[in-house]
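Below: one structure, written as C-alpha cells.
The values are calculated or read from the model by the stated rules, or taken from the named source; none is laboratory data. From a predicted model like this one, the values you see are computed outputs, not experimental measurements. Please note: Cβ atoms are built from the backbone with ideal geometry, for glycine as well, and neighbour counts cover all protein chains shown. Just the protein is used for accessible areas: all its heavy atoms, side chains included, with ligands, DNA and RNA removed. Shrake-Rupley method; radii C 1.70, N 1.55, O 1.52, S 1.80 Å.
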Amino acid sequence: MENGFNSMENTQNVKQDTQEGSKPHTDGEEGRQEEIPAGRKLCNSIIELCVYVAIIVVCVAFVPKYVLQRTIVDGKSMMDTLKNGENLLVEKVSYHFTDPGRFDVIVFYPHGRDSSDYYIKRVIGLPGETVQIKGEDIYINDKKLEENFGKDPIMDPGIAEEPIKLGDDEFFVLGDNRTVSEDSRYEEVGPVKRENIEGRAILRIYPLSEFGTFE
C-alpha cells in the first residue's frame, strides 16, 4: 500500500502544479508573433553566410596545412607496408609536442622545405644515437636492432656501412622495401633534420578494401 500511496500523492502534485502554472489566454494574444524587419533578416543572412565561408576557408586552407593532410604514396619504397597509389592521412599536430618515435612512418622533405619533393619512410635511428648497418642487420649504439619491417634483407648499407652519429635534431630513416628505397643510407638524403619532418602517417584511406591503420 505504500507504493500506491506515493503514486497517488505524485499524481495529485502533478495536477496541482499544472493548474497553478496555467494562465488564461487573453483576447488578441493567442497566435501573435513578432515580425522581424527585412533589414534584420538581411543582416542575419549575411552573418550566416560569413560563418559558412569562414568554416570552408579553415577546412580548405588551415586543416591540410597544420592539422591533417591527405598524401598519396608514389613508388614502391615502402612495400609491403604501403603500396604505390595508396592514399594516407598524415597528422601534423603531435610532433609539435613530442619528437618522432622509432618505427614511426613519417613524411618529410629530403631536400628542405624550399623543395616540393617529399618522401615517406620509417624512423630507425633517433637523435644522438649511432647507427651502423653490418651485413643485413641494423645496429643502434653497437646493439643489434630487432625489427621485421624490411620487405627484403638489406643488400646495400650505403654510407651506414660506417657508424653514423646522429645530431641532436637528426633522424635516420629507411624505406621498408630496402632494395629500392632512397633513404638515409645515401648521401642524397642522409639523416633527416627535425625541421624537415612534416608529420606522421596514421591511416590508410584508399583503397577502401585496405582502409585502416598500419604498422
Fill in the blank from the handout: Rounded to a whole %, the carbon-and-sulfur portion of the accessible area of the stretch 170-211 at a 1.4 Å probe is 48 percent
Problem - Length gained when the stretch residue 142-residue 208 is fully extended (0.36 nm per residue, less Cα-Cα span) - result: 19.6 nm
Exercise for the section: Sum up the charges of everything whose Cβ sits under 15 Å from the Cβ of residue 195, counting Lys and Arg as +1 and Asp and Glu as -1, but leave residue 195 out. Expected result: -2
Exercise for the section: Output the pairs from 76/143; 144/193; 121/144 with a Cα-Cα distance over 27 Å in this structure; if there are none, say none. Expected result: 76/143
